[in-house]
Amino acid sequence: MDQIKTLEQSFKNEVASIPGGERVLNCYLCGTCTAGCPISEITADYNPRKIMRRILLGRKDELLRSGEIWRCYQCHTCVSHCPQDVRFADIIRALREIAIKEKIVNSEFAETVEGLDLETRKLRLEKVNKLIEKNKVEGAI
């Protein structure tokens, strides 16, 4: 039993020791991060609150090997909604850093995910700009 408590304590403290993870202990698992998350709207399998719960319970290996931390695309909606200023998106970045450091994923994988995130944001902006221009021409804006 003492070993489990040590594991729990060490993981949340490990996350808290990494820049971006400092506020992990502020979380009281209200679920506001999940309620506003656009990825959670697309797939019920993605749940920021459950990720936070795994951190706080010390379920390190389970979390880092699940792939969940790579689904976040860093929109920061969770950050703007959080009543405790936990900064979940920053915690995700800290978890990714741990996963790379512990060789659960390689840096190439992480760079590819970050590239996809940037590409997605650029694609959205491009499409919105085209829509705006079309509507200006048609007089809708």
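The values are calculated or read from the model by the stated rules, or taken from the named source; none is laboratory data. What you see is a predicted model; the values in this text were computed from it and never measured. So basically every Cβ, Gly included, is an ideal-geometry build from the backbone, and we count neighbours across all protein chains shown. Each accessible area value is taken on the protein alone, full model and side chains, heavy atoms only, with ligands, DNA and RNA left out. Shrake-Rupley method; radii C 1.70, N 1.55, O 1.52, S 1.80 Å.
The condition (being open to solvent by 90 Å² or more (accessible area, probe 1.4 Å) and of a type outside the set (Lys, Arg)) is satisfied by just one residue among ILE51, ILE42: ILE42. Within segment 59-70, residues that are farther than 16 Å from VAL113 by Cα sit with their Cβ atoms under 9 Å from residues that are open to solvent by less than 50 Å² (accessible area, probe 1.4 Å) and acidic (Asp, Glu), at 6+ positions apart or across chains, in these pairs: LYS60/GLU14.
May I ask you to verify whether VAL15 is aliphatic (A, V, I, L, M), touching a residue at least 40 places away in the same chain (Cβ under 8 Å), within 28 Å of THR120 (Cα to Cα) and assigned to a loop (DSSP other than H, G, I, E, B)? So VAL15 does not fit the description; no.
You will find that of LYS136, LYS103, the residue that is at pLDDT 95 or above, more than 19 Å from TYR28 (Cα to Cα) and not small (Gly, Ala, Ser) is LYS103 and no other. Step by step: first the residues of segment 79-103, then only those that are without any contact (Cβ under 8 Å) to a residue 60 or more places away in the chain and surrounded by fewer than 19 Cβ atoms within 10 Å (Cβ to Cβ), then the one that is nearest to the chain's Cα centre (by Cα). Which residue is that? Among those residues, the one meeting the criterion is VAL79.
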